[in-house]
1. Looking at the range 295-308, is at least one residue within 16 Å of the chain's Cα centre (by Cα) and touching a residue at least 24 places away in the same chain (Cβ under 8 Å)?
2. Quick one: would you say ALA82 is more than 22 Å from the chain's Cα centre (by Cα) and touching a residue at least 12 places away in the same chain (Cβ under 8 Å)?
3. Taking the condition among the charged types (D, E, K, R) and more than 20 Å from the chain's Cα centre (by Cα), does ARG188 pass?
4. Return yes when GLY328 is loosely packed, with under 14 Cβ neighbours inside 10 Å and modelled with pLDDT under 95 and no when it is not.
5. Does ARG188 satisfy the criteria of being out of contact with any Asp or Glu (no Cβ under 7 Å at 6 or more places or on another chain) and over 21 Å from LYS81 (Cβ atoms)?
6. Being in a helix (DSSP H, G or I) and not polar (S, T, N, Q) is the filter here, so list the residues in the range 144-160 that pass it.
7. Any residue that is under 28 Å from PHE185 (Cα atoms) and surrounded by fewer than 20 Cβ atoms within 10 Å (Cβ to Cβ) - is there at least one of those in the range 352-361?
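The values are calculated or read from the model by the stated rules, or taken from the named source; none is laboratory data. Every value quoted in this text rests on a predicted model; they were computed, and no experiment measured them. Counting neighbours? That spans all protein chains shown, and the Cβs are built from the backbone with ideal geometry, glycine included.
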Amino acid sequence: MSAVRDATPTDAATGFTAIPVVDLRRWDQGAAERARLADEVRRICHEVGFFTLVGHGVDDAFLDRYVTMLQAFFALDVADKARIDKVASPHFRGWERVGSELTGGRTDYREQLDVSSEHPAYPRDVEPEYLRLDGPNQWLPESVLPGFRATVTEFFARMDVLAHRIMAVVATGLGLPERYFAEMFGERPHSLAKLISYPPTPPGEAGVNPHHDAGFLTILLQHGVGGLQALSPDGAWVDIEPRPGAFVINTGEMLQELSGNYVVAATHRVITAEARFSSAYFHGPDLRTPLDPLPLDPRFADAVAASARHAGAGFMARRSELTDGIDGIASREGAGVYGRQLWNYYSRSYPANMARHYGAGGA
C-alpha cells in the first residue's frame, strides 16, 4: 500500500499515488487566489475525489474535546448504549453493534452511532416513502454521559458550516454561482454523521467494505490511526494517513449524478490493524431535492465522454440488484431524487431494520 505525501494528482486515466492537500485559507486571500483554489479543487474532484483539508477554521481544542466524548461513548457498557439501539428507530438513528451494517452485501466490522439532521417527522405512511427518514435522533439520558449530546450537536453544526464553504469552492470551480448549491439544498437539509469505533479488522474482511458515499460530500475526522484507503483508477488502494488537525474530504454519488459523472464518487474502504476511531459527516440537502443535471459548460460533458472511467462510472447497487447478483458499485441508474438515494442506502445496508419498520415493500 502506498504512503501518502503532499502531492497533486496524476492523469485521471492512469491513477494517483497520493492524496492532495488543500488549504482553505486561500479562499480568503483575494479574487485571484480564490479562482486558483476553485480550479484546483475542481480538478481534484474530477481526477481523485479525495483531498486532505487544512486551514479549515475548526479549532484543535474543540476537536480534542469532541474526540474525548466520542471515545467515552464507546467505552460505555453495552446496556447503556443499547438504550438507543438503532433497531428502535424508523429513521435509522442510534447505536449499533459491530457487524450490524452491510456494505455491498458484506458485513462491516465496526461499531457506530448515527445521527442526522432533526426535523419534525412526517406521518408514518407519507409518500413518497423516503420522507419517512426525517425525524428525531436518539440520545442517551444526560445522566449517562453528561455533555455528550451538546458536543455531538456542536460537531454536526460546525461540519455543516464547513461543508457550505467547501460547496462554494466546488460551485465556483464548476463555473456556477458561489451560492448555487446552498440555494438548491432546500428548506429541510438532511445530512447525517457516523461516529465510529473500529476494532482490528478480521483477516479477509473490512471495517467497511468498498463503497461510494451517498451524499454530496463527506467530511471525515480520523483520530491518530489509519486504515482508510481510496481506490485509484489503476486499481491500487492508496492509504490516507491521519494528519493532526486536518479533515479528509471526498465526493459522493449525489455530486456524481448532478455533474453527469464529471465528478465521480470516490470508492474507498477501511481495513485497520488496530482499534480506530473516526467520525464521518455526510452533507445532504432536503430529501425532496431532484438530482437533475447541473447547468454546466459543455466542456465538462466533453471531458466525461473522453474518459472511459468517467463515462462508465456506476452507482451503489440497490438491494434488489444485489440479490440479483449485480456488483456493489455497478448499478447504471442514479436515484433521481436525494431522498430516494438515502432510501436505497438504508434498504441495502439495513434490510432487517427496513423490514421491521416498513415491511417487505420497504426494500
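1. To start, the set of residues in the range 295-308 that are within 16 Å of the chain's Cα centre (by Cα) comprises none.
No, there is no match, as no residue in the range 295-308 is within 16 Å of the chain's Cα centre (by Cα) and touching a residue at least 24 places away in the same chain (Cβ under 8 Å).
2. Numbers: more than 22 Å from the chain's Cα centre (by Cα): yes; touching a residue at least 12 places away in the same chain (Cβ under 8 Å): yes.
Against the criterion (more than 22 Å from the chain's Cα centre (by Cα) and touching a residue at least 12 places away in the same chain (Cβ under 8 Å)), ALA82 qualifies.
3. Working: among the charged types (D, E, K, R): yes; more than 20 Å from the chain's Cα centre (by Cα): no.
No.
4. Details: loosely packed, with under 14 Cβ neighbours inside 10 Å: no; modelled with pLDDT under 95: yes.
So GLY328 fails the test.
5. Details: out of contact with any Asp or Glu (no Cβ under 7 Å at 6 or more places or on another chain): no; over 21 Å from LYS81 (Cβ atoms): yes.
Answer is no for this residue.
6. We begin by selecting, within the range 144-160, every residue in a helix (DSSP H, G or I); these are 148-160.
Answer for the range 144-160, where residues must be in a helix (DSSP H, G or I) and not polar (S, T, N, Q): PHE148, ARG149, ALA150, VAL152, GLU154, PHE155, PHE156, ALA157, ARG158, MET159, ASP160.
7. Checked against the condition, which is being under 28 Å from PHE185 (Cα atoms) and surrounded by fewer than 20 Cβ atoms within 10 Å (Cβ to Cβ), the range 352-361 yields at least one hit.
Here is a yes/no grid of residues against (1) over 22 Å from PHE156 (Cα atoms); (2) in contact with a His (Cβ under 9 Å, 6 or more places away or on another chain); (3) of a type outside the set (S, T, N, Q):
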{"site": "PRO200", "(1), (2), (3)": "yes, no, yes"}
{"site": "ASN209", "(1), (2), (3)": "yes, no, no"}
{"site": "GLY215", "(1), (2), (3)": "no, yes, yes"}
{"site": "THR218", "(1), (2), (3)": "no, yes, no"}
{"site": "GLY245", "(1), (2), (3)": "no, yes, yes"}
{"site": "VAL248", "(1), (2), (3)": "no, no, yes"}
